[in-house]
Amino acid sequence: EDKVVQSPLSLVVHEGDTVTLNCSYEVTNFRSLLWYKQEKKAPTFLFMLTSSGIEKKSGRLSSILDKKELSSILNITATQTGDSAIYLCAGGTSYGKLTFGQGTILTVHP
Amino acid sequence: DGGITQSPKYLFRKEGQNVTLSCEQNLNHDAMYWYRQDPGQGLRLIYYSQIVNDFQKGDIAEGYSVSREKKESFPLTVTSAQKNPTAFYLCASSPKAGSPYNEQFFGPGTRLTVL
């Protein structure tokens, strides 16, 4: 059975802090690792990491895939209150199915 | 304006009733998915469909049924056989069936509460 585990499950920081969210996966026919941000309702896509693109960066957010360790991290620098959300990671298979982790609840205080 | 719509936003059901959640997309995506989200458990896959008139069970299909008669629509029925249906239900779609390199796009969700 495919499995994705995220840590920590929740995190409380102050504005300006840097945070690192972790994701480990055991996914048969693994092809991609995806990160999503969920604020109130629909998760919104952040990054997709594959063997041909193991590092992605967008503004204050960056992510790395470690295929040897079967894990990924999502870094957020200079956090803002608008970064408060649930961050979901998912392992993608060769046929397009995603297995999601439990999510990390990030709370950023002013 | 392209996107995925889900209705209703909130749904209340009495025990023993079947209810149907609507999901429509105008993105011309091939694949569609239904997930259930419970607190502390992330998203779990209920059913998915790669093509019209075909669908597969996900990890927690018991007590649910789906149909895919049109490319744009993938309704989910929560039957009375589902023992603990209170949850947040998310529908998603992705452009190409069976591709490992397409992200999934999500609708706004339906929150179902059993009274």
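Structure above, values below:
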item: Number of positions in the stretch B:43-52 that are surrounded by fewer than 24 Cβ atoms within 10 Å (Cβ to Cβ) and under 20 Å from B:LEU112 (Cα atoms); result: 3
item: Any chance B:ILE51 is away from chain A (no Cβ under 11 Å), more than 11 Å from the chain's Cα centre (by Cα) and not small (Gly, Ala, Ser); result: yes
item: Residue among B:GLY98, B:GLY107, B:GLY40, B:GLY16 that is in contact (Cβ under 8 Å) with a residue 60 or more places away in the chain, over 12 Å from the mean Cα position of the chain (by Cα) and either within 16 Å of A:PHE100 (Cβ to Cβ) or within 9 Å of chain A (Cβ to nearest Cβ) (or both); result: B:GLY98
item: Exclusive hit being farther than 25 Å from A:GLY101 by Cα and among the basic types (Lys, Arg), set B:LYS83, B:LYS9, B:LYS71; result: B:LYS71
item: Positions within the stretch A:86-110 being surrounded by 15 or more Cβ atoms within 10 Å (Cβ to Cβ) and either at positive phi or touching a helix residue (DSSP H, G or I) at 6+ places or on another chain (Cβ under 6 Å) (or both), in sequence order; result: A:GLY96, A:GLY103, A:VAL108
item: So A:TYR36, is it among the aromatic types (Phe, Trp, Tyr) and more than 11 Å from chain B (Cβ to nearest Cβ); result: no
item: Flag if A:TYR95 is within 14 Å of chain B (Cβ to nearest Cβ), in a strand (DSSP E or B), in contact (Cβ under 8 Å) with a residue 12 or more places away in the chain and not β-branched (Val, Ile, Thr); result: no
item: Filter pass, A:VAL4 being closer than 28 Å to B:GLY3 by Cβ, of a type outside the set (S, T, N, Q) and within 12 Å of chain B (Cβ to nearest Cβ); result: yes
item: Residue match in the stretch A:52-75 (condition: within 12 Å of another protein chain (Cβ to nearest Cβ) and of a type outside the set (Lys, Arg)); result: yes
item: Where a residue in the stretch A:20-46 is farther than 11 Å from A:LEU65 by Cα and its partner, wherever it lies, is acidic (Asp, Glu) and modelled with pLDDT under 95, with Cβ under 7 Å and at least six apart; result: A:GLU26/A:ASP2; A:VAL27/A:ASP2; A:THR28/A:ASP2; A:PHE45/B:GLU103
item: Checking B:LEU90 against (1) within 8 Å of chain A (Cβ to nearest Cβ); (2) surrounded by fewer than 21 Cβ atoms within 10 Å (Cβ to Cβ), the condition it does not meet; result: (2)
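This table checks each residue for (1) in a strand (DSSP E or B); (2) farther than 25 Å from B:ASP59 by Cα.
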site	(1), (2)
A:THR20	yes, yes
A:CYS23	yes, no
A:TRP35	yes, no
A:LEU65	yes, yes
A:ILE73	yes, yes
A:ALA78	no, yes
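The values are calculated or read from the model by the stated rules, or taken from the named source; none is laboratory data. What you see is a predicted model; the values in this text were computed from it and never measured. When we count neighbours, we look across all protein chains shown, and the Cβ atoms used for this are built from the backbone with ideal geometry, even at glycine.
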